[in-house]
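Written below as structure tokens is the structure these notes are about.
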Amino acid sequence: MTNNIIDKKTVLAICYDFDKTLSPDDMQAQGFIQSLKKEVENFWNESNGLARENDMDQNLAWMYKMAKESRGKHVFNKNTLMEYGSEVKLYPGVETWFDRINNYGEKNDVLVEHYIISSGLKEMIEGTTVAKHFKKIYASSFYYDEDGVAVWPAQCVNYTNKTQYLFRIKKGALNVNDATVNDFISEDEVRVPFRNMVYIGDSDTDIPCMKLVSINGGFSIGVYGANSKNKVFKMMEEHRIKYFAEADYSEGSDLEVLVKNIIKRTAANEILEIKSTECMQEMKSERKNKDEQFILKEDLIDKLNESSSFAQTHEIIKSMNHIGNWEDNQIEKIFKIASSNGQVKYILNDTDIKKFYLKIYDKKYIDVIPNDVLDILEIEI
């Protein structure tokens with residue numbers, strides 16, 4: 001086992017949607033839309049209508065509406081958005097959730113990292129009291145001009161492109177412009193394999209991420225507000241999620257117990273994964289610079305050792321006869337099999353079997369060939 005595997009820390013990435021996952025409502029509807037002198041329902045209806053009429057992405061539509069409707073009402077800049085973000089309500093327990101989960105991870109030798117993958121606004125999420133706990137926040141955001149005013153979308157995150165951020169987390173290519181996310185990396189080299197990911201979301205927009213995590217051995221959790229389980233029941237029926245729990249992040253809640261059990265399972269599972277990686281590396285090391293002929297010979301020796309019938313033994317010896325050069329340690333194995341495997345030993349005097357053994361025999365092997373095999377083959381010591 002190489003040192004990088006010994007020292008590699010097990011990382012569990014917990015990825016969250018934001019609206020109605022960590023917060024009980026859309027972030028824009030918790031003060032910002034009201035500041036525009038708009039009814040929340042009317043704002044969304046107008047925004048969705050704009051998207052339909054112009055073949056426009058729905059997220060781009062509400063981002064446009066936010067910027068346009070802000071004119072003459074307040075300066076539409078990052079500070080304004082962060083201020084409204086600071087007023088966003090969070091579900092019970094969210095404020096202390098991250099420290100509790102991180103501490104539990106440490107006790108189980110697991111490094112827990114938290115990520116946001118949201119169609120909401122990055123700037124508003126950055127204004128919340130819990131923003132400091134996220135290793136990376138992936139969400140829609142604005143480009144700001146020289147005066148700091150938001151003038152154009154910089155990022156637009158919707159349900160169809162959310163999955164790219166899971167691949168970024170997997171490979172450690174966290175910057176949104178890091179093209180190495182497209183590079184091939186073997187599974188034993190990725191930073192966070194999908195099996196070590198948890199995705200927590202609440203709705204249809206999270207389904208692609210939930211499905212991707214689930215089918216690759218990770219953990220998808222649907223959360224619901226009080227007395228509204230229908231969405232998670234539907235996702236469960238359609239095999240989108242593995243678990244569901246109320247969006248209660250308080251100490252001792254069902255959600256906390258579930259995530260802690262996932263941490264424990266991750267810790268135990270990684271022991272087996274590390275062993276699997278060790279075995280793979282040993283195999284690669286042993287077979288390094290070995291050609292196909294060498295591997296074929298090793299396979300035939302294994303088959304001879306496991307032969308369970310006379311007919312099978314004859315077929316294997318027939319194949320072995322076509323090989324001209326055997327390495328010394330392989331010949332030693334073949335002679336030992338003639339003694340240890342009764343299916344071989346019993347027919348050792350059959351013409352084809354005996355002929356093969358005598359063909360590969362050399363006096364230099366006399367000390368390693370079992371005496372009973374020497375007697376049957378009538379080889380003089």
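The values are calculated or read from the model by the stated rules, or taken from the named source; none is laboratory data. Because the structure is a prediction, the values reported are computed rather than measured. We place every Cβ from the backbone using ideal geometry, glycine too, and count neighbours over all the protein chains shown. Surface areas here come from the heavy atoms of the whole protein model, side chains and all, with no ligands, DNA or RNA. Shrake-Rupley method; radii C 1.70, N 1.55, O 1.52, S 1.80 Å.
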- Message: In whole Hz and in residue order, list the ³J(HN,Hα) couplings for the range 80-92 that follow from phi through the Karplus curve 6.51 cos²θ - 1.76 cosθ + 1.60, θ = phi - 60°; x for Gly and Pro.
- Response: 4, 5, 5, 4, 5, x, 5, 8, 5, 7, 10, 5, x
- Item | Percent carbon-and-sulfur accessible area, the range 270-381, ignoring ligands, DNA and RNA, probe 1.4 Å | 48 percent
- Task: Could you pull out the GluC sites (Glu not before Pro) across the range 1-94 that fall in loop regions by DSSP (anything but H, G, I, E, B) with no more than 16 other Cβ atoms inside 10 Å?
- Result: Glu39, Glu87
- Message: Considering only C-alpha atoms, what is the centroid distance from the range 262-302 to the range 124-149, in Å?
- Response: 44 Å
- Item | Using a Förster distance of 51 Å, the FRET efficiency for Ile271-Asp178 (Cβ separation, nearest 0.05) | 0.95
- Query: Averaged per residue, what accessible surface does the chain expose to a 1.4 Å probe, in Å²?
  - Reply: 53 Å²
- Determine, for each peptide in 162-169, 294-301, 218-225, the mean count of other beta carbons within 10 angstrom over its residues, then list the peptides with the highest first. 218-225, 162-169, 294-301
- Message: If I take every Cα pair under 8 Å that is 6 or more residues apart in the chain, average their sequence separation and divide by the length, what percent do I get for the relative contact order?
- Response: 15 percent
- So what's the net charge close to Val110: Lys and Arg +1, Asp and Glu -1, counting the other residues with Cβ under 9 Å from its Cβ? 0
- Message: Could you give the length gained by full extension between Arg71 and Asn48, i.e. 0.36 nm per residue of separation minus their alpha carbon distance, to one decimal place?
- Response: 6.3 nm
- Task: Counting only C-alpha contacts under 8 Å and six or more residues apart, can you give the relative contact order of the range 181-226 as a whole percent?
- Result: 39 percent
- Message: Quick query: amide H of Ala154 versus all other amide H atoms, modeled in the peptide plane; which residues come in under 5 Å with a sequence gap of 5 or more or a different chain?
- Response: Ser141, Phe142, Tyr143
- Descending accessible area (1.4 Å probe), largest on the left, turns Val190, Val257 into Val257, Val190
- Message: Once you place label points 7 Å from the Cα toward the Cβ at Lys135 and Asp291, how far apart are they in nm?
- Response: 4.6 nm
- Note on the structure: Note, the range 207-215: 3J(HN,Hα) by Karplus (6.51, -1.76, 1.60, θ = phi - 60°), whole Hz, Gly/Pro = x, goes 4, x, 5, 4, 5, 4, 5, 5, 5
- Item | Accessible-area composition of the range 35-74, carbon plus sulfur, in percent [1.4 Å probe] | 42 percent
